Amino acid sequence: MKITAIPCAMAFGLALLAGPAARAADHGFYLGAGLGQSESGVRSGNFNFKDRDTGYKFIAGFRPLDAFAAELNYVDLGTPSNGAQQTKSRAVDGFVLVFLPLPVVDVYGKAGLVSWKTDASAPALSLSRSGSDFAWGAGVQFHLGSLAARLEYEALNASELAKPTFLTLGATFTFL
């Protein structure tokens, strides 16, 4: 009996501590960053290459209401390489986010536009492409007041870039 009473008491204590923070996320401007795994490449001309690498992003946004936010991100999808071929993709994207705000957790979807640039190289061959396309994503965010941790998936609808995707774990901080 003592073994089950201790975890129950700990869970109850944590619930009491988290009680004041179990409300909607703060409104206002927020900044953050994320790190994750990207899958990108090139499907254009003589290039037909797609691989994974570590990427990162910087986040700036504004959340005026519990259910809506606007976000601008700088994204570096890393430098996937298979030895002979290599790509370097970067992007700036803007999203509108729609939240399902729950206590301590937000589930969200996002849609927007991305402006991207990719440089690719292979033996005796190089390629540089850029463009603007539709982008979308979804995620879940755990927040305690102004600090939030998020897990999200993003996809860029850029056909020349082999439909890049990005799965990130990040954090944001809201300034009131």
**OP:** Obtain the nm distance between the two label points defined at ALA67 and ALA84 by a simple spin-label model: each point lies 7 Å from its Cα along the Cα-to-C-beta direction.
**Re:** 5.4
**OP:** May I ask you to compute the full-extension gain from VAL98 to ALA111, defined as 0.36 nm times their residue separation minus their alpha-carbon distance, rounded to one decimal in nm?
**Re:** 3.8 nm
Original post:
Distance in nm between label sites at LYS163 and THR54, each 7 Å beyond Cα in the beta-carbon direction?
Top reply: 2.8
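Would you mind counting up the charge near ALA148? Only other residues with Cβ under 11 Å from its Cβ, with Lys and Arg at +1 and Asp and Glu at -1.
Details: positive: ARG63, ARG150; negative: ASP26, ASP106.
Residues close to ALA148 contribute a combined charge of 0.
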Original post:
Does the stretch 78-148 come out rounded, prolate or oblate by the C-alpha gyration tensor, with a ≥ b ≥ c the root eigenvalues, rounded set by a/c under 1.5 and, if not, prolate when a/b is larger than b/c and oblate if not?
Top reply: prolate
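Where a number appears in this text, it was derived from the coordinates with a stated rule and is not lab data. Since the model is a prediction, treat every value here as computed from it, not as a measurement. Here Cβ is always computed from backbone atoms with ideal geometry, including for glycine, and neighbour counts include all displayed protein chains.
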